[in-house]
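Structure first, then comments.
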Amino acid sequence: MKEGIHPNYRDVCFVDLSNGFKFVTRSTVNTKEMVKMEDGRDLPLVKLETTSETHPFYTGTQKSIDSLGGRVEKFRNKFASLGLNKKAAV
């Protein structure tokens, strides 16, 4: 391999901001922050909004779109209270 053209591939700590879940994996992402791990290592820190610990798909709290009805049904339910009269439209 050529020297000086490859990104720095190293251990990086990712933290979920919603619940504080941390995991360490290898990455080339550039960060400005560092975190001290329990084992004494200083690792680059990447903050994430959601991970598999909090994402609805992985936690089982995802809503099924099929049970909510289709677009037309939602539209009809939303504007049903207006009570447009068919005779007035003609």
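The values are calculated or read from the model by the stated rules, or taken from the named source; none is laboratory data. What you see is a predicted model; the values in this text were computed from it and never measured. Reconstructed Cβ throughout: ideal geometry from the backbone, glycine too, with neighbour counts over all protein chains shown.
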Discussion item. Given the criterion at pLDDT below 90 and assigned to a loop (DSSP other than H, G, I, E, B), identify the matching residue among Lys87, Lys63, Lys74.
Written reply: Lys63
Worksheet entry | Members of the stretch 31-50 that are within 18 Å of Tyr9 (Cα to Cα) and touching a Cys at 6+ places or on another chain (Cβ under 8 Å) | Val35, Leu43, Pro44, Leu45, Val46
Practice prompt. Specify the residue that is surrounded by the fewest Cβ atoms within 10 Å (Cβ to Cβ); the eligible residues are those in the stretch 1-19 that are among the β-branched types (Val, Ile, Thr) and under 26 Å from Thr59 (Cα atoms).
Written response: Val15
Item to complete: Count, please, the residues in the stretch 20-32 that happen to be exposed (fewer than 11 other Cβ atoms within 10 Å of the Cβ) and not β-branched (Val, Ile, Thr).
Response: 4
